[in-house]
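The values are calculated or read from the model by the stated rules, or taken from the named source; none is laboratory data. Note that the structure is predicted; figures quoted are calculated from it, not measured. All Cβ positions, glycine included, derive from the backbone under ideal geometry; neighbour counts span all protein chains shown.
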Amino acid sequence: MTLPEWFAGSPEEADFLRLVLDHVSDCLVAVDTAGTIVLINEPYCRLLGGEADHFLGRHITEVVGPQTKLHHVARGIGTHVGYPLDVRGHKLVTKQVPVLRDGRIIGAVGLALFSDYDALKKTYSRISKAELAMPQRPKAWQSRFGLDDIFGIGKLMESYRDTLKLAAAYDLPVIIRGETGAGKELAAHAIHAISERSTAPFVWVNCASIPSELIEAELFGYEGGAFTGARSQGKPGKFELATGGVLLLDEIGDMPLALQGSLLRVLQTNEIVRVGGVSPVSVDLRIICATNKPLPELVQTGRFREDLYHRLNVLPIDVPPLRARQDILYLAERLLTSIADRLGKPVPDLTAQDCKLLAAYAWPGNVRELENALTRMIVTGKLSLPMAYVSTTTPPTDPMNLLKSRLRSQTVSEIESALTETQGNKRRAAELLGISRAHLYRLLKERVD
């Protein structure tokens, strides 16, 4: 097996790595950002029926087939774990993930988790039997999204992600502010996923969706027989379930005023008392709140406690509304691919008219509305938006030019810096920028034009 030319190890290290990869029983292949195979191990070569030299330098779809997603992953479009792949009559269960260097995608690697479905069935059968032999415990609450699930490019989104990283680094209360559909819950999931509490529970509750007479029991739990209809053995509340981890109080602005004092006491003492209980229960958790309401105004009108507001407002985070972002078309492309993959539909092309409409629309429902509009487009074959929210002014940037670049935040100075660092080597500069050489050439041509 030949290692890619960017491998910087010593000859001894290269020889050891080559032996290790060839002795891995599962098939393994790696591609660059253009989808070209740069590494393939011996088991995969045996399955394909050829030598490594016969496959290196060829596009992954030419060797494996058009059903692979590895070339998309190498361009930053999703990851696929447990993805079924039929290769030369062999049914594999694969994992396809991007390869990053200094935060930039330089390619992707595909690994067969199971060499065939029979192996998967046998493994599943063994796991199922082992699970049945053990006492069953409720599935832990966990964050479902990470920082990589927050799509977006440009300085605004880079700054926003940096703010989330900063918030994750400190075990302090957070208030996430943003409009409906902007991605407040997604931000909370990401903070938990990259924090030191990531292996502990991530519990969430919507303060607006629970009747006021039940929310206290939902948050603090209750002792058996505390009220009519209560379980005889009692029930832990969300604070207890989140102990060790994070509790997201979504729509905190809708929390009843009478309950806000109880929340303040939890923040001060790290203790709760169940409804109907007499003994305090210690809790160790981090509070993240989310709201689309202006809490300072609620404080002034007496609908939100001022002392609680100041206790919570340690690390405020503002989620950018979609209309303030300059990457709507990039985001639309990413979402189209993701939605089409989920629905099992082909990814539709955005026409020039579609791009103008997306850029001119005000997006009152933000990213959630964009995702819904693109889902309708995939199902019906047509993009339709309410004209009441479409601007009649010409967008400041031609959307078709934006679509020509996968990373529209790439600036002339960044390209020149990469070329300087690589001493003019365009291939290495493209890798450094996380784009294909062809893409770099186009950017260089646009710079000259």
List the residue pairs whose Cβ atoms are under 9 Å apart, where the first residue sits in segment 58-74 and is within 13 Å of ILE40 (Cβ to Cβ) and not assigned by TED's automatic domain parsing to the domain that holds PRO84, the second is of a type in the set (Asp, Glu) and buried (at least 21 other Cβ atoms within 10 Å of the Cβ), and the two are 6 or more positions apart or on different chains. none
Test VAL275 against the stated conditions and say whether it is β-branched (Val, Ile, Thr), modelled with pLDDT under 90 and more than 30 Å from ALA360 (Cα to Cα). yes
Can you go through ALA119, ALA108 and tell me which one is farther than 12 Å from LEU47 by Cβ, outside the structural domain of GLY152 (by TED's automatic domain parsing), modelled with pLDDT of 75 or more and not β-branched (Val, Ile, Thr)? ALA108
Within the set of pairs 6+ apart or on separate chains, which have a first residue in segment 243-268 that is in the same structural domain as GLU216 (by TED's automatic domain parsing) and farther than 18 Å from VAL314 by Cβ, a second that is of a type in the set (S, T, N, Q) and assigned to a loop (DSSP other than H, G, I, E, B), and C-beta atoms under 8 Å apart? GLU251/SER209; GLU251/ASN292
Residues of segment 59-90 that turn out to be basic (Lys, Arg) and exposed (fewer than 15 other Cβ atoms within 10 Å of the Cβ), as a count: 1
Is it the case that some residue within segment 296-314 is within 22 Å of the chain's Cα centre (by Cα) and either of a type outside the set (Phe, Trp, Tyr) or closer than 28 Å to GLN67 by Cα (or both)? no
Residue in segment 149-166 that is farthest from PRO236 (Cα to Cα), counting only those that are touching a residue at least 12 places away in the same chain (Cβ under 8 Å) and charged (D, E, K, R): LYS155
One residue from LEU329, LEU383, LEU336 being in a loop (DSSP other than H, G, I, E, B), at pLDDT below 95 and either polar (S, T, N, Q) or under 30 Å from THR68 (Cα atoms) (or both): LEU383
Could you tell me whether segment 223-238 includes any residue that is acidic (Asp, Glu), over 22 Å from TYR309 (Cα atoms) and either in contact (Cβ under 8 Å) with a residue 40 or more places away in the chain or touching a strand residue (DSSP E or B) at 6+ places or on another chain (Cβ under 6 Å) (or both)? yes
In segment 157-186, which residue that is touching a helix residue (DSSP H, G or I) at 6+ places or on another chain (Cβ under 6 Å), assigned to a helix (DSSP H, G or I) and among the small types (Gly, Ala, Ser) is nearest to SER143 (Cα to Cα)? ALA168
